[in-house]
Amino acid sequence: MFEEKIVPAESGSGRLFDIHYEPKNKGPIECLGIRFSSDQERHEYFIKQLRQGLEELHAKLGGVPFTTVEEAVERM
């Protein structure tokens, strides 16, 4: 589904290289019965769904003291 690509690390990161993942399939893709024009569109759709679910959970719990919605999305 993804192809690993080794690239130079960002300056000051303390690493020589990083691994970036690029989608192998650049055309239409189907996931969980939903058709997307690209893997990037699929990724954005599910990140949006994740964010909405986390915001709803955050509201129900009255906040989570050890993280924010943005931190949780970034970790995904």
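Just so you know, all these numbers are worked out from the coordinates, no wet-lab data involved. This one's a predicted model, so the numbers in the text were calculated from it and none came from an experiment. So basically every Cβ, Gly included, is an ideal-geometry build from the backbone, and we count neighbours across all protein chains shown.
Hey, fewest Cβ within 10 Å first, where do L50, L61 land in order?
Working: L50 14, L61 9.
Going from sparsest to densest Cβ surroundings: L61, L50.
Search the structure for amide H atoms under 5 Å from the amide H of C31, placed 1.01 Å from N in the peptide plane, and list their residues when 5 or more places away or on another chain.
F36
At 0.890 mPa s and 25 °C, plugging the Kirkwood radius over alpha-carbon pairs of the chain into Stokes-Einstein gives what diffusion coefficient in µm²/s?
On the way: Rh = 15.1 Å.
Estimated diffusion coefficient is 163 µm²/s.
Within 10 Å of each residue's Cβ, count the other Cβ atoms and sort R51, R75 from fewest upward. Intermediate results must be reported in sequence, preceding the final value.
On the way: R51 15, R75 7.
Listing R51, R75 from fewest to most nearby Cβ atoms yields R75, R51.
Would you compute, from DSSP H runs of 4+ residues alone, the mean residue ellipticity of the chain at 222 nm, taking -39500 (n - 2.57) per run and dividing by the full residue count, rounded to the nearest 500? Intermediate results must be reported in sequence, preceding the final value.
Details: 2 runs with 30 residues, N = 76.
Taken over the chain, the calculation gives -13000 deg cm²/dmol.
Could you size up the charge dipole of the chain around its Cα centre, putting +1 on the beta carbon of Lys and Arg and -1 on that of Asp and Glu, and report it in debye to the nearest 20?
Working: 10 positive and 14 negative charges, 33 e Å.
With only Lys, Arg, Asp and Glu charged at Cβ, the dipole is about 160 debye.
Mind checking which of S38, F17, V7 is farthest towards the positive end of the chain's charge dipole, using Cβ charges of +1 (Lys, Arg) and -1 (Asp, Glu) about the Cα centre?
S38
Excluding E41 itself, calculate the net charge of residues whose Cβ lies under 13 Å from the Cβ of E41, where each Lys or Arg counts +1 and each Asp or Glu counts -1.
Details: positive: K26, R35, R42, K48; negative: E30, D39, E44.
After counting each charged neighbour, the total is +1.
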